[in-house]
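One structure below.
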Amino acid sequence: MSSTDIKPAKPGRQDYLDNLRSFALLLGLAFHVAIVYAAIIIYPLRNEDRSIAFDIFGEWVHIFRMPLFFVLSGYFTERTFLSKTLSEFLRLRGLRIILPLIPGIILFAPMQYYVNALQEGYTGNYFRFLWEEFLLKNPAPSHLWFILYLALYTGVYLVTRPIFLRIRTWILPLSRYGGEKANEHPTRKWEFLMIVGIWSTIWTCCINYFFLKDEKYFNIEPVQFFYDLSFFVSGTFLLGRESVLLKGKMDKIDLSVLGLLAVAFFFVFFKISEIDPYWSYFGYAGIGIRILHIFLKCLGGWIWISFFIRLFQMFFHESNSLSKYLRESSLPVYLIHHPISLGIGFLVVESGFAIWTKFFLHLFLVYAVTFGVYHFIIRGSNFWLTLLGNRGLSWTGKGKGTK
């Protein structure tokens, strides 16, 4: 069997990866609350009093959260593809991605654009805006952009998989990075991080040379799209090479080194981003500065991803009633939280409280209300769980839910 034809081993449940995925999704709620109070990050709803501390938090979350999600999505996409027929694979992707995307855009995305329209002087009610300004003119995904990207990445994956298999064999040969070799030679884990850091940097620099960061075409931002695609493709590379990132031996000293490096890379990246704003054109502060900026963003993201995977592997690897609940709730909670967060935030920012009181009140209410909606309305409904991508229905059978 060639190295391009790896068959996945019988999958054992890797609870720490499930727990980490839940953490990454639920951290998104705190991210969307924090940027309401950020000084630099632009968001439709903004508090009058703002603090740079929320920008630092927002940039920190942004550097690893979605890249982590796409790495895990890429890995499990490759594993699923090899363990299913093509029709089974497409059906699973459709139920998990396409099904929640369409109703999600209609039900949960418009609130962000409505709040923005209100601030620009729009006087119509929400339902008029929904029909006339959103659905008829420009239905956009808002916080569900990652599901749209994931659907497109799946299509890209199916078309380009043979090409990327050859690239995988070339840059990450099994003879060096496969099996338990990464555990036998710990430096290979650091080699892997450098390789994928450079890989993501090349993708991002190439696309950023031609497009500005916030340019958008048909609700797709080319720079963000290819940046995240580099992490998704890297995730597909991990099959048979799990020990370099997803599992394997690591002690607390290695974890501490990873953590210190991650913090250092982030703060250097943050300082350079002040010199070379990412929204500016490529070469704004010099081509070398922009390449270094993107390299720190990409490699720093990979180091944070590795740190959190190892952290959860060491300390949050067990499955219990709480972790199972969070695993089942995290995706529906994330999908529905945005209009709730904006609605609560619209009231909180108008209050007379100090900024930090507003933030913690806003944060508490968002988690409490969103989990309340999930627990009392969504959790027991097969219809809502299916619509939100958390449970597939057997459309050819009697409609029984399957996990």
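Quick look at the numbers
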| item | result |
| --- | --- |
| Two-decimal Rg to Rh for region 41-144 - Kirkwood Rh, Cα set | 1.10 |
| Inter-site label distance for TYR122 and VAL369 at 7 Å from Cα along Cβ, in nm | 1.9 |
| With all protein chains modelled, accessible area of SER306 [1.4 Å, Å²] | 10 |
| Region 198-296: Rg to Rh, with Rh as the Kirkwood radius over Cα pairs | 1.04 |
| Linear extension gain, TYR281 paired with TYR325, 0.36 nm per residue minus alpha-carbon span | 11.4 nm |
| Whole-number accessible area per residue in Å² for region 42-100, which is evaluated in the context of all protein chains at 1.4 Å | 42 |
| Ranking by accessible area, most exposed first, for ILE35, ILE275, ILE106 with a 1.4 Å probe | ILE275, ILE106, ILE35 |
| Distance histogram in 10 Å bins (all Cα pairs of region 302-353, percent per bin) | 19, 26, 30, 22, 2 |
| Listed residue pairs exceeding 24 Å between alpha carbons, taken from LYS181/LYS252; LYS189/LYS297; LYS181/LYS247; LYS84/LYS181; LYS137/LYS358 | LYS84/LYS181; LYS137/LYS358 |
| Region 122-197, accessible area per residue, ligands and nucleic acids excluded (1.4 Å, Å²) | 53 |
| In order through region 341-348: 3J(HN,Hα) via Karplus (6.51 cos²θ - 1.76 cosθ + 1.60), integer Hz, x for Gly, Pro | 4, 5, x, 5, x, 4, 7, 5 |
| Spacing of the two label points (7 Å from each Cα toward its C-beta) at LEU174 and GLU274, in nm | 4.9 |
| Rounded D (µm²/s) - the chain, Kirkwood Rh over Cα pairs, Stokes-Einstein at 10 °C, 1.306 mPa s | 71 |
| Solvent-accessible ranking of VAL257, VAL196, largest area first, probe 1.4 Å | VAL257, VAL196 |
| Surface accessible to a 1.4 Å probe, per residue, for the residues of region 202-258, Å² | 43 |
| Order of exposure, largest accessible area first, which applies to PHE360, PHE269 with probe 1.4 Å | PHE360, PHE269 |
| Carbon and sulfur %, accessible surface of the chain computed with the full protein complex present, 1.4 Å | 67 |
| Cα-based radius of gyration of region 249-368 once divided by 2.2 N^0.38 Å, which approximates compact folds | 1.44 |
| Cβ-derived FRET efficiency at R0 25 Å, THR357 paired with ALA39, nearest 0.05 | 0.90 |
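The values are calculated or read from the model by the stated rules, or taken from the named source; none is laboratory data. Keep in mind that this is a model prediction, so the values were computed, not measured. In this analysis, Cβ positions are derived from the backbone assuming ideal geometry, glycine residues included, and neighbour counts consider all displayed protein chains. Remember, those area values only see protein heavy atoms, side chains included, never the ligands or the DNA or RNA. Shrake-Rupley method; radii C 1.70, N 1.55, O 1.52, S 1.80 Å.
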